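Enquirer: If you scroll down you'll find the structure; I have some questions about it.
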Amino acid sequence: MNNDRVPRAWTAICPLDDIVPNTGVCALVNGEQVAVFHVDDGAANSVYAIGNFDPGSQAAVLSRGLIGSLGERVVVASPIYKHHFDLRTGECLETPSYSVGAFATRVEDGHVWVAV
């Protein structure tokens, strides 16, 4: 089955203004903790969502990590072991087996939406 054809269920998270730029928040979506990030890169405001559970530390902490960039990648550094997770793909750059899910996001009428 091609996952591109599976309809996505969008969930409203919060107003975009409720997330301080260049930080993240945690939201419970369909029973799953999702880390939602508001990245202000100067030209635009981008929103990303990845799983909140850090497999390296076995803790739900990614939403509290520090946002930055490594080359062209926008990443969050886990607050415990500092592993970097690509906010577009969920890939853990140091240990690929620790990668997490990445979810589609959108901002509509000033509100953040995530599809899980």
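The values are calculated or read from the model by the stated rules, or taken from the named source; none is laboratory data. What you see is a predicted model; the values in this text were computed from it and never measured. Note that each Cβ is placed from the backbone with ideal geometry, even for glycine, and that neighbours are counted across all protein chains shown.
Enquirer: Any chance region 94-116 includes a residue that's modelled with pLDDT under 95, part of a loop (DSSP other than H, G, I, E, B) and either of a type in the set (D, E, K, R) or over 19 Å from P21 (Cα atoms) (or both)?
Expert: Yes, because at least one residue in region 94-116 is modelled with pLDDT under 95, part of a loop (DSSP other than H, G, I, E, B) and either of a type in the set (D, E, K, R) or over 19 Å from P21 (Cα atoms) (or both).
Enquirer: Got at least one residue in region 76-83 being within 14 Å of T23 (Cα to Cα) and buried (at least 20 other Cβ atoms within 10 Å of the Cβ)? Even if it seems obvious, please write down each step before you answer.
Expert: Just the residues of region 76-83 that are within 14 Å of T23 (Cα to Cα), to begin with: 76-79.
Checking the rest, the ones that are also buried (at least 20 other Cβ atoms within 10 Å of the Cβ) come to 76, 78.
For region 76-83, residues within 14 Å of T23 (Cα to Cα) and buried (at least 20 other Cβ atoms within 10 Å of the Cβ): present.
Enquirer: Moving on to the next point. Right, A27: among the aliphatic types (A, V, I, L, M), more than 25 Å from D109 (Cβ to Cβ) and modelled with pLDDT of 95 or more or not?
Expert: No: the conditions fail for A27.
Enquirer: Pairs please, first residue from region 93-113 and under 17 Å from A60 (Cα atoms), second anywhere and basic (K, R) and modelled with pLDDT under 95, Cβ atoms under 7 Å, 6+ apart in sequence or on different chains.
Expert: none
Enquirer: Here is a list of conditions, (1) touching a Phe, Trp or Tyr at 6+ places or on another chain (Cβ under 7 Å); (2) small (G, A, S); (3) surrounded by 18 or more Cβ atoms within 10 Å (Cβ to Cβ), and A115 meets all of them except one; can you say which number that is?
Expert: The failed condition is (3).
Enquirer: Can you run down the residue pairs with Cβ atoms below 6 Å, 6 or more apart or on separate chains, where the first is in region 26-52 and among the hydroxyl-bearing types (S, T, Y) and the partner is modelled with pLDDT of 95 or more?
Expert: S46/V39; Y48/F37; Y48/L87
Enquirer: When residues of region 67-92 are filtered for being in a loop (DSSP other than H, G, I, E, B), within 14 Å of the chain's Cα centre (by Cα) and touching a residue at least 12 places away in the same chain (Cβ under 8 Å), how many remain?
Expert: Going through region 67-92 one residue at a time, the tally reaches 5.
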